[in-house]
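The values are calculated or read from the model by the stated rules, or taken from the named source; none is laboratory data. Note that the coordinates shown come from a computational prediction; the quantities given were computed from them, not determined experimentally. Positions of Cβ are generated from backbone atoms using ideal geometry, with glycine treated the same way; all protein chains shown enter the neighbour counts. Calculation scope for accessible area: heavy atoms of the full protein, side chains included, ligands and nucleic acids excluded. Shrake-Rupley method; radii C 1.70, N 1.55, O 1.52, S 1.80 Å.
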Amino acid sequence: MESAVWSQSQIHQVNSIRAVSKIWLPTLRRSRWVILAGSALAGFGAFLFVLIATRSLGLEGFRPISQLWTVWAIAAAVVTFSTQVVTVRREMTDGQRRIPPSAELLPLFLLLALTVPLLWIYRVRIFGDASPFWPLVGALIPIGAFLTGKARGWLAVHGSPTQLAAVVGGENLVRAGAAMILGIVNAAATWYAVGLLAGYGVALLGLRGRISTLRAEGAGDSLPKERLLPVAASVAGISDHLILVAAPTVLAASGASSESVSALFVALAVYRAPYQLVLGALPAITRRFAQDLSGMDQSRIATASRRAGLWLIVMSLLAAASGWVFGESVITPIFAAGGLLEPIDHALAAALTILATGALLSSVALLALGRATRTLIAWIPVTLLTIGAGYVVGGDPTAILSVMALGAIVATMATGAPFVRNRVPR
């Protein structure tokens with residue numbers, strides 16, 4: 001009789017698990033789509049802001065905004081990326097692994113120390129204007145990037161997918177909306193700079209009622225590897241970004257024509273769409289890695305990592321084939337850049353995006369486990385050698401893109417090797 005009751009209880013538990021799964025699995029799928037939609041809206045908003053600003057101000061008038069936009073991209077790669085990684089890791093461990101405020105704020109302070117004097121001293125050369133307004137906006141951008149990283153990291157752990165997607169997508173949608181209004185009233189460039197800063201207001205909404213999370217937790221031990229985590233995340237973010245976008249700069253430094261440089265810039269901007277989608281989803285991905293990897297069996301992680309590596313190879317080859325076949329037909333009608341790049345250049349540019357995405361994801365996995373030293377050892381030499389080799393090969397887009405793609409491959413292997421082996425870092 002007792003065993004019969006126990007059997008009925010087991011059946012009830014199984015049925016309960018099935019019922020929960022029917023609810024939870026579709027919800028999980030929906031949450032992924034919601035976050036990806038928010039990331040896609042972020043990319044669309046950025047495109048719309050730049051498009052409206054260039055059309056309204058003209059290329060010459062857009063010059064100071066383009067420089068601020070560059071500062072924004074760097075701040076996102078250095079400060080937003082590192083801050084959201086640190087925030088997710090702290091929240092997932094309930095403050096047990098404390099990161100001192102000085103370490104957490106170090107990427108922000110370093111970027112401010114670099115950009116503020118540079119933008120002030122060379123403001124006329126950079127912005128074409130001696131007004132202190134432009135350096136001031138440039139100094140506020142990294143601070144906004146820090147708040148954005150805090151909001152995204154906190155919401156990735158404690159918020160809903162809709163809230164996270166709203167913060168990710170809302171930042172650039174606010175900028176796009178501001179640009180629409182400014183374009184209608186024919187506003188000056190300074191107001192577009194204000195519109196750029198207005199996008200960070202979404203981060204404040206994401207942190208509403210949670211301002212206490214802006215300070216580092218006081219509990220737990222401060223380990224050396226935890227103190228290094230913000231710097232390691234910053235290095236990984238900016239290094240991966242440089243390998244992906246530095247080819248036009250390297251080409252320009254080699255003395256190539258402006259047309260070739262612009263064509264390469266446009267091609268990389270078009271092919272970068274998948275990378276931008278992943279960037280928006282990184283807070284949720286970081287949380288998933290921090291939650292799952294620490295409790296998974298090492299052999300399972302190794303198997304999953306090898307499978308991910310295989311998918312990366314397949315997707316890179318598919319991207320390269322698509323770029324080879326369709327690249328010229330896509331780039332030429334939109335940007336009038338026909339005949340400046342070879343099919344192999346389009347193939348390499350498309351593959352580079354996938355490879356850089358793979359390197360970024362494997363870096364996030366390492367950072368989610370707190371492996372700061374390993375991340376630094378992997379990225380610093382690879383980045384220096386890749387950029388240096390790019391300058392050495394000269395003014396050939398194919399050669400430079402090949403070097404960058406090789407650098408992304410090496411970075412992916414260096415950051416992913418601990419997971420492929422049956423000995424995963426702890």
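Restricted to the range 58-85, and to residues that are at pLDDT below 85 and either of a type in the set (Ser, Thr, Tyr) or in contact with a Leu (Cβ under 6 Å, 6 or more places away or on another chain) (or both), which residue is farthest from Asp240 (Cα to Cα)? That would be Ser66.
Here the range 401-418 is the region considered, the condition is being open to solvent by less than 30 Å² (accessible area, probe 1.4 Å) and either in contact with a His (Cβ under 9 Å, 6 or more places away or on another chain) or among the aliphatic types (A, V, I, L, M) (or both), and the residue that is farthest from Arg371 (Cα to Cα) is Leu401. Kindly evaluate Leu312 against the criterion of being open to solvent by 10 Å² or more (accessible area, probe 1.4 Å), outside any helix (DSSP H, G or I) and either farther than 26 Å from Ala73 by Cβ or touching a residue at least 40 places away in the same chain (Cβ under 8 Å) (or both). In short, no.
Filtered by the rule that a residue be over 26 Å from Ala256 (Cα atoms), of a type in the set (Ser, Thr, Tyr) and open to solvent by less than 30 Å² (accessible area, probe 1.4 Å), the range 373-400 gives a lone residue, Thr375. Checked against the criteria, Leu348 counts as in contact with a Ser or Thr (Cβ under 9 Å, 6 or more places away or on another chain), buried (at least 19 other Cβ atoms within 10 Å of the Cβ), of a type in the set (A, V, I, L, M) and at pLDDT 85 or above. Going by what's in this entry, would Ser363 be described as in a helix (DSSP H, G or I), among the hydroxyl-bearing types (Ser, Thr, Tyr) and surrounded by fewer than 19 Cβ atoms within 10 Å (Cβ to Cβ)? No; evaluated as a whole, the condition is false for this residue. Here is a check on your reading of the model: is Gly370 open to solvent by less than 10 Å² (accessible area, probe 1.4 Å) and not in a helix (DSSP H, G or I)? Answer is yes for this residue.
In the range 246-273, what residues are outside any helix (DSSP H, G or I), more than 20 Å from Thr357 (Cβ to Cβ) and touching a residue at least 40 places away in the same chain (Cβ under 8 Å)? Residues satisfying the conditions are Ser254, Gly255, Ala256. Take the residues in the range 107-127 that are over 26 Å from Pro230 (Cβ atoms) and part of a helix (DSSP H, G or I), then tell me which one is most open to solvent (accessible area, probe 1.4 Å). By that ranking, first place goes to Arg125. With the condition kept exactly as written, say whether any residue in the range 414-424 is in a helix (DSSP H, G or I), in contact with a helix residue (DSSP H, G or I) (Cβ under 8 Å, 6 or more places away or on another chain) and modelled with pLDDT of 90 or more. Scanning the range 414-424 turns up at least one residue that is in a helix (DSSP H, G or I), in contact with a helix residue (DSSP H, G or I) (Cβ under 8 Å, 6 or more places away or on another chain) and modelled with pLDDT of 90 or more. Hey, any hits in the range 403-410 for a residue that's at pLDDT 90 or above and over 22 Å from the mean Cα position of the chain (by Cα)? Within the range 403-410, not a single residue is at pLDDT 90 or above and over 22 Å from the mean Cα position of the chain (by Cα).
Restricted to the range 274-303, and to residues there that are in a helix (DSSP H, G or I) and free of Cβ contacts under 8 Å to residues at least 12 places away in the same chain, the residue that is most open to solvent (accessible area, probe 1.4 Å) is Arg300. Residues of the range 361-377 that are among the hydrophobic types (A, V, I, L, M, F, W, C), at pLDDT 90 or above and out of contact with any Leu (no Cβ under 8 Å at 6 or more places or on another chain): Leu361, Ile377.
All of (1) open to solvent by 40 Å² or more (accessible area, probe 1.4 Å); (2) within 26 Å of Gly237 (Cα to Cα); (3) modelled with pLDDT of 85 or more hold for Ala42 with one exception: (1). Within the range 189-212, if we keep just the residues that are free of Cβ contacts under 8 Å to residues at least 24 places away in the same chain and part of a loop (DSSP other than H, G, I, E, B), the residue that is most open to solvent (accessible area, probe 1.4 Å) turns out to be Arg208.
Only one of the listed residues (Val168, Val174, Val185) is within 15 Å of Gly38 (Cα to Cα), open to solvent by 40 Å² or more (accessible area, probe 1.4 Å) and either at pLDDT 90 or above or of a type in the set (Val, Ile, Thr) (or both). That residue is Val174. Screening the range 45-74 for residues that are in a helix (DSSP H, G or I) and aromatic (Phe, Trp, Tyr) and picking the one that is surrounded by the most Cβ atoms within 10 Å (Cβ to Cβ) gives Phe49.
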